[in-house]
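Down below is the structure, laid out as structure tokens.
The values are calculated or read from the model by the stated rules, or taken from the named source; none is laboratory data. Remember, predicted model here, so these are calculated numbers, not experimental data. Cβ: placed from backbone, ideal geometry, glycine included. Neighbour counts: every protein chain shown.
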Amino acid sequence: MDTREITFISEDFIADTAGPEEMDRLLAEGWRHFGKYFFRYSLAFHRQRYRLVIPLRIDLAAFSHSKSLRRVLRKNRDLRTVVRPTIVDDQKRELFERHRTRFVIGRPESLEHFIDPNASEVPCKGMEVCVYGGSGELLAASFFDEAARSISAVYAIFDPSEAGRSLGIYTLLLEAEYARKLGKEFHYLGYAYEGRSFYDYKKRFRGAERFDWQGNWTRYEGDE
């Protein structure tokens, strides 16, 4: 894609609070946040060239499980799951330390870089999905915002020794299930890139929509 045709956006701000309706508006305009830091950008440098950034969300009314996603659910039906307000504690910090070893380049420094210590309330209502093994060990945790009409995935961690379970996908499916039970319209998945990248797992969901950086959301049909 010719990046000269793309509207270049790079903006950020700090906010201590954002109400449910305001979060819906920000998410619909392509904004993301880590803690109190809100940001959005339309281009990113990846694999030696600039890529279009693609905000993705699921239209939950159009969402259904593909064959591969049903496999992920079956693979993890032996695990215990909990959905509750976000709690940042030592158990999750320890899981984060194991999770971060997956990264050779751009290794994240701390869980608090992504999640505010008071994330259940700051900057908005924060929820978490926790996945436990048979002995009660924490295998995965994902953190998401709950707005008025939507939820938004913020960050997820999992034990690399359980990579075969596709726990990142599994927690997204649990988030979507939670949102549908509450009657939410959209599940925001964050950013992906044009072309192949480590964010491609976000493109696997039926009912996915993409943001065009001009205020419009359209059905995601794959990269052009």
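Only a single criterion out of (1) in contact (Cβ under 8 Å) with a residue 40 or more places away in the chain; (2) under 29 Å from Glu22 (Cβ atoms); (3) of a type in the set (A, V, I, L, M); (4) touching a helix residue (DSSP H, G or I) at 6+ places or on another chain (Cβ under 7 Å) is not satisfied by Met127, namely (4).
Test Glu175 against the criterion of being in contact with a strand residue (DSSP E or B) (Cβ under 7 Å, 6 or more places away or on another chain), buried (at least 21 other Cβ atoms within 10 Å of the Cβ) and under 25 Å from Cys124 (Cβ atoms), and give yes or no. Yes: the conditions hold for Glu175.
Of the residues making up the range 70-87, at least one is under 16 Å from the mean Cα position of the chain (by Cα), crowded, with 20+ Cβ neighbours inside 10 Å and modelled with pLDDT of 95 or more. Inside the range 177-200, residues that are within 16 Å of Phe144 (Cβ to Cβ) and under 11 Å from the mean Cα position of the chain (by Cα) make up a count of 5.
Scanning the range 102-124 for residues being touching a residue at least 40 places away in the same chain (Cβ under 8 Å) and hydrophobic (A, V, I, L, M, F, W, C) gives a total of 6.
Look at the range 153-164: where a residue is under 19 Å from Tyr191 (Cβ atoms) and a partner is in a strand (DSSP E or B) and among the charged types (D, E, K, R), sitting 6+ places away or on another chain with Cβ atoms under 7 Å, you get Val154/Asp145. Residue count for the range 45-89, restricted to those that are part of a loop (DSSP other than H, G, I, E, B) and among the charged types (D, E, K, R): 4.
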